[in-house]
Structure formats: structure tokens, C-alpha cells
Amino acid sequence: MLRFGTVGTSWITDSYIEGALDSGLWQLTAVYSRTREKGLEFGAKYGVDTVFTDVAEMVQSDAVDAVYIASPNKLHTAHARVFLENGKHVICEKPLAAHADEVRALQALAAERGLIYLEAIMYMHLPQRGLLESALEKIGPVTMAKIDFCQRSSKYDAYLAGNLPNIFNPALETGALMDLGVYCIYPALHLFGLPESTQITARLLASGADGSGIVAMQYPDRLVNLVYSKIGQAGANTDFQGDRGTVSVESISRLANIEIVYNDGTRETVCGEEPKYKLMGYEAKDFYRYITEPEASAAEYDACRRLACDVSAYMEQLRADGGIRFPSDR
């Protein structure tokens with residue numbers, strides 16, 4: 001087994017840890033938290049008492065071979081860089097960075113050091129992705145797609161009450177596009193590539209963060225619309241429309257409950273859903289393979305790297321076009 005540490009103590013870190021441990025390939029050996037008390041409390045759930053409150057100390061430790069980063073978006077680049085510089089493999093929560101040049105620089109650093117630097121995006125590692133691709137072949141050429149991820153933030157009420165939660169603070173490089181839109185962009189670019197033209201409409205909140213957005217992607221032979229929101233809850237599925245029917249996806253982030261509805265009204269179930277930790281376990285398994293089987297997994301890892309760059313650059317373009325500004329923008 002490989003040993004890993006974590007940076008971040010939110011629910012998403014718990015899900016990744018559970019998935020990594022469930023894989024049987026990883027051993028959690030250290031956690032980072034801003035306070036020792038919080039770190040000890042978090043680590044105790046997994047029998048871990050090696051706690052760091054200084055990232056500079058953690059990167060020097062021989063207790064970890066790799067790290068899972070789930071710190072605030074603004075810190076992703078700095079945290080990933082310091083771990084890579086000190087010989088640790090990195091899997092970092094989405095988005096890797098607010099700027100594509102930062103992603104390219106860190107990918108180059110990882111390659112130079114013989115390390116893996118991976119974006120923790122479930123879509124690229126789920127076996128359900130192959131089922132989706134096979135289902136799309138059954139309905140013929142896709143002429144229209146609507147990819148939807150609207151999930152009201154649990155922090156929105158606090159924002160409405162006059163507070164400024166992290167997710168609605170542009171200084172932390174967050175907002176609807178960075179948090180949820182990325183789950184729509186990944187399948188769009190993976191399945192269809194970069195569009196010929198794009199139009200974005202972003203709803204900006206008073207804080208400057210985007211609360212929701214609509215992206216229209218124009219291709220020579222299809223239209224793809226992305227709809228995402230942190231301030232409203234949608235009951236609509238993601239739909240891919242083809243000549244012979246429609247593929248419906250209940251959750252694009254989890255690729256859950258996929259169904260084909262053919263033109264004659266018949267239905268075909270493609271897959272159901274799995275627990276969140278199982279889904280994140282697929283990320284952990286691939287991360288392990290890319291580290292331990294570099295030659296066998298080189299093409300797959302390279303595809304992840306290239307798509308991560310494309311997604312980062314496209315999101316940067318969308319922010320510029322939609323008036324979504326971060327203090328770090330040049």
C-alpha cells in the first residue's frame with residue numbers, strides 16, 4: 001500500500017479517505033489542519049494521530065508518499081507546488097487552479113520530478129463513463145445536449161443573512177462555475193471537444209461571485225448547453241438527444257441513474273448509482289495505478305493531463321467573457 005496525507009477536513013475529504021481506504025491500496029498516515037485540535041479530532045476517526053498545522057513541515061515528512069488536497073480553491077496551486085517540489089505525488093480537488101498557466105507549470109514540474117499531479121474529478125475515473133459513451137452510440141449522432149448541475153448551496157442562507165461564506169467569496173476563487181460548472185464542462189469537452197464558439201450568461205451576486213450561469217456551446221453539428229447554479233435546486237436531468245433517442249442522466253457529477261429513452265418510447269436502464277465514497281474510490285485507484293504502473297497507464301494519465309489543461313483554459317475564458325473576476329486575474 002501507498003501512504004497518503006490529506007490537506008483539508010471537510011466532508012469531501014472524508015469521502016475521499018473512505019474511498020481510498022475501501023480500495024485497499026492506500027493507508028492514511030497524516031492529516032493537515034490549521035489547528036491541532038481540529039486535526040486530532042479529524043484524524044481520530046481513522047486512527048491517525050500524526051497531525052500537521054504547518055504545510056512546510058508536512059512536506060518534509062517521510063510519513064506520506066502522496067497527498068490529497070482539498071483546501072480552499074485559492075490555495076490549491078501553492079499547496080500542490082510545495083508538495084511536488086518535495087517529492088510527493090498530488091491529487092488535488094477541482095479546480096486545479098484559476099489560471100491555465102498555473103496548471104501547465106505544475107504539470108511540467110511534476111513531469112520533471114517523475115511525479116503524478118492529478119485533478120480529483122470523478123467523471124474521468126468512473127466506470128460509468130464507459131457505459132455513458134456506449135449509450136450515446138446507441139442513439140446515433142448527438143445533435144443537442146443539455147448538461148445540468150444546479151444544487152443550492154447549504155451556505156446560501158448564510159450569504160443572504162449578510163455573511164460571506166467561502167463559496168461566495170471571489171477572493172478565494174470560488175463560485176458556481178468553479179464549483180459546479182466544472183462538472184458540466186468536463187463531459188462536454190471530453191465527449192465533443194472544444195466548441196467553435198461560446199456564449200456565457202453569468203448571474204453575479206453582490207459579492208462578485210457568480211451564483212449561477214448558462215453556457216451555450218456551438219459546434220458544426222450540435223448545440224451543447226450547460227446550466228449550473230449554487231443558488232437554486234433543479235429537478236431536471238442531463239439529456240443527450242440523438243437521432244434514435246435520448247440518454248438521460250440524473251446526476252452528471254456522479255453519472256448516476258443513466259437511462260436510454262428510444263424514439264418508440266421503450267426504455268433501457270444503463271446504470272443506477274453508487275455511494276459517494278465508492279465513486280471517489282475510483283479516483284484513488286487510478287491515482288495509485290498512475291504512480292505504481294507508469295508505463296501501462298501513461299496514455300490514460302496523459303489524457304487526464306491534457307483534458308485538465310483544456311478545462312482550465314476554457315473556464316478561464318468563460319470567466320473573462322462572463323465578467324467573473326478574481327483578485328489574482330492579470
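The values are calculated or read from the model by the stated rules, or taken from the named source; none is laboratory data. Source: prediction; values computed, not measured. Glycine also receives a Cβ, built like all others from the backbone with ideal geometry; neighbour counts cover every protein chain displayed. With ligands, DNA and RNA removed, areas are computed over all heavy atoms of the protein, side chains included. Shrake-Rupley method; radii C 1.70, N 1.55, O 1.52, S 1.80 Å.
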Select from region 111-135 the residues that are outside any loop (DSSP other than H, G, I, E, B) and touching a Phe, Trp or Tyr at 6+ places or on another chain (Cβ under 6 Å) and write down the one among them that is farthest from D243 (Cα to Cα).
-> L118
Please enumerate the residues belonging to region 82-108 that are assigned to a helix (DSSP H, G or I) and either open to solvent by 10 Å² or more (accessible area, probe 1.4 Å) or out of contact with any Asp or Glu (no Cβ under 8 Å at 6 or more places or on another chain) (or both).
-> V82, F83, L84, E85, D101, E102, V103, R104, A105, L106, Q107, A108
Mind checking which residues of region 150-171 are open to solvent by less than 40 Å² (accessible area, probe 1.4 Å) and either touching a Ser or Thr at 6+ places or on another chain (Cβ under 7 Å) or of a type in the set (A, V, I, L, M, F, W, C) (or both)?
-> C150, A158, I167, F168, N169, P170
Quick one: is M124 hydrophobic (A, V, I, L, M, F, W, C), open to solvent by 10 Å² or more (accessible area, probe 1.4 Å) and more than 23 Å from the chain's Cα centre (by Cα)?
-> no
Could you say which residue among A206, A188 is open to solvent by 10 Å² or more (accessible area, probe 1.4 Å) and over 20 Å from C92 (Cβ atoms)?
-> A206
Is there a residue being over 30 Å from E293 (Cα atoms) and of a type in the set (G, A, S) anywhere in region 114-133?
-> no
Would you point out which residue out of L75, L131, L118 is of a type in the set (A, V, I, L, M, F, W, C), out of contact with any helix residue (DSSP H, G or I) (no Cβ under 7 Å at 6 or more places or on another chain) and within 30 Å of V270 (Cβ to Cβ)?
-> L131
Could you list, in sequence order, the residues of region 278-330 that are charged (D, E, K, R), within 30 Å of S207 (Cα to Cα) and part of a helix (DSSP H, G or I)?
-> D310, E316, R319, D321
Could you identify the single residue in T77, T13 that is more than 23 Å from Y282 (Cα to Cα) and hydroxyl-bearing (S, T, Y)?
-> T77
Given (1) in contact with a Leu (Cβ under 9 Å, 6 or more places away or on another chain); (2) in contact (Cβ under 8 Å) with a residue 24 or more places away in the chain, number of the condition V51 does not satisfy = (2)
Among the residues of region 233-248 satisfying the criterion of being in a strand (DSSP E or B) and open to solvent by 20 Å² or more (accessible area, probe 1.4 Å), which is farthest from I139 (Cα to Cα)?
-> D239
With the condition kept exactly as written, say whether any residue in region 215-222 is surrounded by fewer than 21 Cβ atoms within 10 Å (Cβ to Cβ), of a type in the set (A, V, I, L, M), more than 20 Å from V103 (Cβ to Cβ) and touching a Leu at 6+ places or on another chain (Cβ under 9 Å).
-> yes
